[in-house]
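Accompanying notes for the structure given below.
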Amino acid sequence: MKIATWNINGIKARLNNLIIWLKQNQPDIVCLQETKSSDEQFPYLSIETLGYHVETNGQKGFNGVALLSRMRPYEINRNLPGDISDKQARFIEGVYSTQNGVIRIASLYLPNGNPIRSDKYLYKLSWMRRLHDFAIDRLRLEEPLILAGDYNIIPRRIDAKDPTKWKENALFLPSAREAFQKLVNLGFTDAIRAVSIEAEYTFWQYQAAAWLKNDGIRIDHLLLSPEASDKLMQAFVQKKMRGWGQASDHVPVWVDLDI
DNA sequence: ATGCCGGGTACGACCCGA
């Protein structure tokens, strides 16, 4: 089963690229982030025509996540527990039934957290605590589980072309990286790091010729539960997508599971 | 050293992202 996560930076601006990419790559499940669309405005038909079920947690203008899947999910959750006052659309979880059992997948868009001395950084840490508690709950199910998405976390120095320039940034601040490592330490496998010890960037900013200079960072991750990790066959970053016309600033990250 | 780019809203600037 081929599963990808992709921060598309606007479903409307990226719809043509998304459609071509779906046709060329035939993923079974896709986790999208930053759709920047209300559910009412989401282009369901263009995607359903290609044979995908579409489940969204949308928000007008900002954030927004979605799950595209060949199979119909038998359960969808749009709420990350822990703060009923949080209205930002950053989480959707789907549960799918296969011939080899269940697979559970969340598409998440973790808060950026900049500037670091602001409520935005506190919101990031609080969101990560909620994700941590949610993960403990889900791991108890002992199912193949993938927490996929834009984590807005650069885990290690190897994950940035120039780590020094991210030193005072919410993506690389020790407390944010510690929270990420604490999550991984619950028993998850960082899929890309399971197959590669090289630099594997997933984001290059639009400014300052970042793509030209390969000045990237790795912030989009697929965390696999032990039951999912056991079935991992392949993982890779689809770097070439950054070179397409009208590219997102993020590229897709893939895993292939023996399910 | 972020707001240089790019997408959003809404249609002229301004918010947001990493």
> When the gyration tensor of segment A:193-241 is built from Cα positions, what are the square roots of 5 times its three eigenvalues, in whole Å, from largest to smallest?
Replying inline: 27, 10, 8
> Among A:252, A:211, A:189, whose Cα sits farthest toward the positive end of the charge dipole of segment A:141-259 (+1 at Cβ of Lys/Arg, -1 at Cβ of Asp/Glu, about the Cα centre)?
Replying inline: A:211
> Viscosity 1.002 mPa s, temperature 20 °C: Stokes-Einstein D of segment A:171-259 from its Kirkwood Cα radius, in µm² per second?
Replying inline: 150
> What list of ³J(HN,Hα) couplings, whole Hz, do you get for segment A:221-226 from phi and the Karplus terms 6.51, -1.76, 1.60, once you set θ to phi - 60° and write x for glycine and proline?
Replying inline: 10, 10, 9, 10, 5, x
>> Taking 8 Å as the Cα distance limit and 6 or more residues as the minimum spacing, I'd like the relative contact order of segment A:41-129 as a percentage.
In response: 20
>> Show me the ranking of peptides A:236-246, A:1-11 by mean Cβ neighbours inside 10 Å, starting with the highest.
In response: A:1-11, A:236-246
> Can you give the charge dipole size of segment A:1-112 about its Cα centre, rounded to the nearest 20 debye, using +1 on the beta carbon of Lys and Arg and -1 on the beta carbon of Asp and Glu?
Replying inline: 280
> When the helices in chain A are scored as -39500 (n - 2.57) per DSSP H run of 4 or longer and the sum is shared across all residues, what 222 nm value do you end up with, to the nearest 500 deg cm²/dmol?
Replying inline: -7000 deg cm²/dmol
> Can you give me the relative contact order of segment A:145-198 as a percent, contacts being Cα pairs under 8 Å and 6 or more apart?
Replying inline: 32
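Quick one: net charge of residue A:143's neighbours, Cβ under 14 Å, K/R +1, D/E -1?
Numbers: positive: A:104, A:138, A:140, A:231; negative: A:75, A:93, A:137, A:142, A:227, A:230.
Charge balance in the 14 Å sphere: -2.
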> In segment A:26-53, which residues have a backbone nitrogen under 15 Å from the label point lying 7 Å from residue A:15's Cα in the Cα-to-Cβ direction?
Replying inline: A:35-50
> Which entries of A:87/A:182; A:120/A:165; A:60/A:167; A:60/A:124; A:60/A:239 show an alpha-carbon separation above 27 angstrom in the structure shown?
Replying inline: A:60/A:167; A:60/A:239
> Can you give the three extents of the C-alpha atoms in chain A along their principal axes, from longest to shortest, in whole Å?
Replying inline: 46, 43, 39
> In whole percent, what relative contact order does chain A give with Cα contacts below 8 Å and a gap of six or more residues?
Replying inline: 20
> Can you work out ³J(HN,Hα) from phi for every residue in segment A:181-191, in order, using Karplus 6.51 cos²θ - 1.76 cosθ + 1.60 and θ = phi - 60°, giving whole Hz and x for Gly and Pro?
Replying inline: 5, 4, 5, 4, 5, 5, x, 8, 10, 6, 4
> According to a simple spin-label model (label point 7 Å from Cα along Cα-to-Cβ), what is the distance in nm between residue A:126 and residue A:40?
Replying inline: 2.8
> For segment A:136-219, what percent of Cα pairs sit more than 14 Å apart?
Replying inline: 67
>> If you scale each eigenvalue of the Cα gyration tensor by 5 and take the root, what three semi-axes come out for segment A:112-159, rounded to whole angstrom and sorted largest first?
In response: 24, 15, 7
>> Cα atoms only: what Rg and Dmax, in Å, come out for segment A:1-144?
In response: 15.5, 49
> Hey, what's the per residue convex hull volume over the C-alpha atoms of segment A:100-185, in cubic angstrom?
Replying inline: 97
> Each label point is 7 Å from the Cα along the Cα-to-Cβ direction; what then is the distance between the points at residue A:74 and residue A:26, in nm?
Replying inline: 2.6
> Each residue of segment A:14-30 in turn: what ³J(HN,Hα) in whole Hz from Karplus with 6.51, -1.76, 1.60 and θ = phi - 60°, glycine and Pro shown as x?
Replying inline: 10, 4, 4, 4, 4, 5, 4, 5, 4, 5, 6, 10, 6, x, 7, 9, 10
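Each value in this text was obtained by applying a stated rule to the coordinates, not by laboratory testing. Keep in mind it's a predicted model, so treat the numbers as computed, not measured. As a convention, Cβ positions derive from the backbone with ideal geometry for all residues, glycine included, and neighbour counts pool all protein chains shown.
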